[in-house]
Every structure is written in structure tokens, then in C-alpha cells.
Amino acid sequence: MTDVAETNKRARFVPGQPDMWAFVLFETLVFTAYFGFYLFYRARSPELFLHSQAQLDLRVGVFNTLVLLLSSWSVARCVQSSRAGAYRAALRDVYITAACAAVFLSSKMFEWARLVRLGDGVDSNDFSTYYFFLTGIHFVHLLIGFVVLGIVVYQLRSPERRSQELVETCATYWHTVDFLWVLIFALLYVVR
Amino acid sequence: MKVEFNKRLLVVWLILASLTLAYVWIDHSVDGSPRPSVVITSSVIVIALVKVRIIFREFMEVRQAPALLCRLTDAWVVLIGVSLFTCYIVGLMGK
């Protein structure tokens, strides 16, 4: 083996704690099951789902997705800054992430309120049930994400507490919330 | 300490944003006749899976992780795709 190959092998690392990766893969499977049921029932009664889907504003979905992608980018920068020892920049990136998450949550609550005003409740029809269930459970994951970001801030603020592994673990959770939304957005707002 | 701006992450975000905006284009292309479409549904799912893989590889740093994690996350993306398409096709057949 060449020196370069050996160096590459040594440089490879699992970002964060392996337990978090087990959680990520498990959580993805659970959501895949939800998505599978949704697509199954959607394929069986496409007109009903299309009719209800028309109430959603694609622009709001796109905006929310871009905001969450921004938050993911910001957390990725936080991990790199923290790794480089630039803790002030890392803290700034966590605050940007939290701000993006707050924008997403506000936008989501406005969208829910608008749909309810239009007469679309949780039990209005199958599409609405899936819409409120999937966005609701994602909302809960995002709220947990605020706690996770709080842990990163707590870690970064004091030199005695700083743990790169924990920062990476928290970032891994945050990215999971992001990619789950990427799938939810595609399935609820765009598929036909 | 100052940290150098990572252009790669910016490019990744721009690609993800472009793929998101591609949905707007897809939506506009069928606005006149909002009918069920297997082609659009399949394209949308594939784009979403590509985005998930990019997030895994770039934002979650799987690109720099040991081969096992790389293969595991790739397998997971394939697993999601196969599950979604299977459920969709089974639903279509039972219509």
C-alpha cells in the first residue's frame, strides 16, 4: 500500500457517535414506512389526493426547503469551524441554524393555520391526515433539534466542555431532520 | 481564530437549491392539466433521493467516513427508493 493510501485510510473517520448513526438509519426506516403507506393509498385514489394537494402552496414548500437546506449548510460549517478551533465562528453558525429553524417553524404554523381556515382539518380526508401527520411528526423532530442545538451552544461556550464528537453527533441529527423534510416535501407537495 | 470559507459546501447548497427549484419547473410544466402522472411521481422521488444522498455525502461528511458507512448510507438510499416505488406500484395495480 502506498503512503498516500495509508494516510487516506487513517484520515477517514465516523462523524459523531456511532449510536447517532444507528438512530438515523432506524428513524429513516420508520419514516420510509410512513411514506410507503402514503404512496400506496395515493396510487389507489389519485384524484382525491390531487384535489386535496391543490390546497397546498408549492412556493411555501420550496421556501421551507431552502430555509432548512440553509440551516444544514450552516451546521456543516459549524462542525468545520469547531474542528479548526474557530469556536466563535462555530457559535455564530449554530445561531444562524436556530434562526433558520425558527423561520421554518413559523412558516409551517402559518401554513397549518391557513389550511384549517380553508376547512382542511386532520380528519378532512386521507391526504389531509397524511399531511398533518407527516408535517406534525417532522415538527416534533425539529423541536427536539432546538434542544440539540442548545447542547452544541453549551458545549462550544466553555473550553472545558468542548467535544468535537458531540458537536458532530448533534449536526448528524440536524441533517437527518433536513433530509427527512426533503422527502416529505417531495411526496406531499410535488408528486402527482 | 479565522476559518477559511469552504466553497465546496456553498456549491453543494447551490446544487441542492437548484434541485429544489427543479420541482417548480416540473409543477409549471403540468399546471394546465393536474392529472396523476407516473413519470412525474417517479422523477420527483428520484430527485429527492439524489438530494438525500448529497446531504449524506457532503453535509454529513460520509464522503470522509470509513467505507462501511459510505456503503451503508448508499444502501439505505437504495432501500428507501425500492420501498417507495414498490408501495407506489402495488397501489397502482390495486386501483
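The values are calculated or read from the model by the stated rules, or taken from the named source; none is laboratory data. Quantities reported herein were computed from a predicted structural model and do not represent experimental measurements. Every residue, glycine among them, receives a Cβ derived from its backbone with ideal geometry; neighbour counts consider all protein chains shown.
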Discussion item. Among the numbered criteria (1) in contact (Cβ under 8 Å) with a residue 24 or more places away in the chain; (2) closer than 22 Å to A:L180 by Cα; (3) more than 8 Å from chain A (Cβ to nearest Cβ), which one does B:R8 miss?
Written reply: (2)
Worksheet item: For the stretch A:126-136, how many residues meet the condition of being surrounded by fewer than 16 Cβ atoms within 10 Å (Cβ to Cβ), in contact (Cβ under 8 Å) with a residue 40 or more places away in the chain and either under 17 Å from A:L70 (Cα atoms) or not aromatic (F, W, Y) (or both)?
Response: 0
Discussion item. Among the residues of the stretch A:139-148, are any more than 19 Å from A:V24 (Cβ to Cβ) and not polar (S, T, N, Q)?
Written reply: no
Item to complete: Within the stretch A:52-107, work out how many residues are closer than 30 Å to B:H28 by Cβ, modelled with pLDDT under 95 and exposed (fewer than 15 other Cβ atoms within 10 Å of the Cβ).
Response: 3
Worksheet entry | When residues of the stretch A:113-125 are limited to those that are surrounded by fewer than 16 Cβ atoms within 10 Å (Cβ to Cβ) and under 21 Å from A:V62 (Cβ atoms), the one modelled with the lowest pLDDT | A:L118
Response to the item:
Given (1) farther than 26 Å from B:F85 by Cα; (2) of a type in the set (F, W, Y); (3) more than 9 Å from chain A (Cβ to nearest Cβ), B:W13 misses just (3)
Response to the item:
Considering residues that are polar (S, T, N, Q) and at the interface with another protein chain (Cβ under 8 Å from one of its Cβ atoms), the number found within the stretch A:11-36 is 2
Item to complete: Please go through the stretch A:13-48 and pick out each residue that is crowded, with 18+ Cβ neighbours inside 10 Å and polar (S, T, N, Q).
Response: A:T28, A:T32
Discussion item. When you scan the stretch B:58-72, do you find a residue that is facing another protein chain (nearest Cβ under 7 Å), in a loop (DSSP other than H, G, I, E, B), crowded, with 19+ Cβ neighbours inside 10 Å and among the small types (G, A, S), even just one?
Written reply: yes
Discussion item. So, B:V46, is that one surrounded by 17 or more Cβ atoms within 10 Å (Cβ to Cβ), within 25 Å of A:L58 (Cα to Cα) and at pLDDT 95 or above or not?
Written reply: no
Worksheet item: Restricted to the stretch B:22-43, and to residues that are more than 7 Å from chain A (Cβ to nearest Cβ) and modelled with pLDDT of 90 or more, which residue is surrounded by the most Cβ atoms within 10 Å (Cβ to Cβ)?
Response: B:S43
Worksheet item: Taking the stated definitions as given, is B:I54 more than 7 Å from chain A (Cβ to nearest Cβ) and crowded, with 17+ Cβ neighbours inside 10 Å?
Response: yes
Fill in: From the options A:L56, A:L48, A:L70, A:L91, residue that is of a type outside the set (G, A, S) and within 8 Å of chain B (Cβ to nearest Cβ)
A:L70
Discussion item. Tell me the residue from A:S163, A:S158, A:S124 that is out of contact with any helix residue (DSSP H, G or I) (no Cβ under 9 Å at 6 or more places or on another chain) and either away from chain B (no Cβ under 14 Å) or more than 25 Å from A:S106 (Cβ to Cβ) (or both), please.
Written reply: A:S158
